[in-house]
1. Which distance in nm do the two modelled labels at Leu425 and Ala275 give, with both placed 7 Å along the Cα-to-Cβ direction?
2. Full-extension gain between Met1 and Ala384, please, as 0.36 nm times their residue separation minus the C-alpha to C-alpha distance.
3. Run the helix sum for the chain: -39,500 (n - 2.57) per DSSP H stretch of 4+ residues, divided by residue count, reported at 222 nm to the nearest 500 deg cm²/dmol.
4. How would you classify region 70-353 from its alpha-carbon gyration tensor, with a ≥ b ≥ c the square roots of the eigenvalues: rounded for a/c under 1.5, else prolate if a/b is greater than b/c, otherwise oblate?
5. What Cys residues in the chain have no fellow cysteine's beta-carbon under 4.7 angstrom?
6. What does the charge dipole of region 369-459 about its Cα centre add up to, to the nearest 20 debye, if the Cβ of each Lys and Arg holds +1 and the Cβ of each Asp and Glu holds -1?
7. Pairs of Cα atoms under 8 Å, at least six residues apart: use those to get the relative contact order of the chain, whole percent.
8. Decide, for region 281-435, between rounded, prolate and oblate: order the square roots of the alpha carbon gyration tensor eigenvalues as a ≥ b ≥ c, take rounded if a/c falls under 1.5, and otherwise choose prolate if a/b is larger than b/c, else oblate.
Amino acid sequence: MPIIKDIVNEELLHRTLEKTKNPTEEQIIGILRKARKKQGLTLEEVGALLNATDPALTQQMFSTAGKIKRDIYGERLVLFAPLYVSSFCVNDCAYCGFRARNTAERKKLSLEEVREQVRILEDMGHKRLLLEFGEHPTETPIDYIVEVIRTIYDTKSGKGEIRRVNVNIAATTVEAYQKLKAVGIGTYQLFQETYHRETYQKLHQGLKADYERQLFAHDRAFAAGIDDIGLGVLFGLYDYRFEVLALISHAQYLDRTYGVGPHTFSVPRWQPADAVAWEEPPAPVSENELLNIIAILRMAVPYTGMIISTRERPEIREKAFEIGISQTSAASRTAPGGYGKSEKLAQFSLADHRTVDDVLKGILKQGLLPSFCTACYRKGRTGATFMDLAKPGNIHNLCRPNALLTFKEYLEDYASPEVKERGLLVIENYLAQIPDAATKRETRARLDRIEQGERDLYF
């Protein structure tokens, strides 16, 4: 059984930040040169980047991170939607709208309501969901969660279907994770919220107040056979420089211990929420600092996908897409039953309220390729298999053809005329850039088959 210091050694992290104060321009340039090799960075090198303040060096960091993102993940940007299933929660987390002391009316979706929400999301064009539940042993036990997942996979609307369900539930047991594995989840995502133990314990009451239960949850998930893991922190609770180092330390621990690093990092910043009296969080993170965080994470752990949500303004999301983000939510709601209806109790407020089609307009204007791909999960390219492709950058050779195919489905089934016109041009552009002639021919043939009505074609 691991100990806390295996994952996050607070003394070491603080010492690293102190040791790397005031880095020289020469040091930063050398670190960026190493980062371009896409082999990752040490904690000390990350500490130097976190302590760099020269705007000119920051721009070089952004440029380096953007190149690494393009080399490994290419031009694609994967879209998903969160589905909040229940706001019942026994925890009283100081930053969360679902906190137990909030007297607002709670909502738990029935299976028929799950179907209704899923049909709405499918009619938007979504193919992958991230499920969110408050923690409540009697309202949302693991067997209910499993039934929700089964219901989602079984629900179809027209040509729409959900092909991958990722799950964000509270830390649980090996036996419960085995049930999630058996029902066919994609990634299991759990944030530490803050790795700083004193801050963690100050902000949490209830079952979630157990720091170690939270920290070792991913180890239990691995023991249950789940090999796709998502990490994250809620930026704003403690010094973001410490949190970035701790997040990277956790990733290095997983890679060292299991041979499989995190499939994704998420970078949420605290946003206002019902029953949370903060005017600002304990350790505010600016939009520019968030962009620094994204760039540094991309350089430090280059193979890991990175997620940004609709917590952030469209302008910031667009910048983030260029320097490291590979997945993003679109047209999100953060209350159970929130799609197609007015929201009651939401977990937090949003800053990007655009429709999926409007989000796609912005992505296309940037010259990026929207993707609704779920192929790796159904072809068994997860865990170590995925890492063997992602670390040297070879996953890009599969991602581009699959992104083209899934985006073509969207254009045929859901797009506005403007998005379809622009999208077809983007498809032709990136189809021409597939380097292998045989793959290019087969992708063209499958695009034609999709136009004739076939669906769910993938490599």
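1. 5.0
2. Numbers: separation 383, 0.36 × 383 = 137.88 nm, distance 2.13 nm.
Additional length available on full extension: 135.7 nm.
3. Numbers: 20 runs with 222 residues, N = 459.
Counting only the DSSP helices, I get -14500 deg cm²/dmol.
4. rounded
5. Unpaired cysteines in the chain: Cys89, Cys373, Cys376, Cys399.
6. On the way: 14 positive and 13 negative charges, 74 e Å.
So the magnitude is around 360 debye.
7. Numbers: 852 pairs, mean separation 93.4, N = 459.
It comes to 20 percent, rounded to a whole number.
8. On the way: a/c = 1.60, a/b = 1.15, b/c = 1.39.
Taking the square roots of the gyration eigenvalues as a ≥ b ≥ c, region 281-435 is oblate.
Computed from the coordinates by the stated procedures, all read-outs in this text should not be read as laboratory data. This is a predicted model, so every value here is computed, not measured. Positions of Cβ are backbone-derived with ideal geometry, glycine not excepted, and every protein chain shown enters the neighbour counts.
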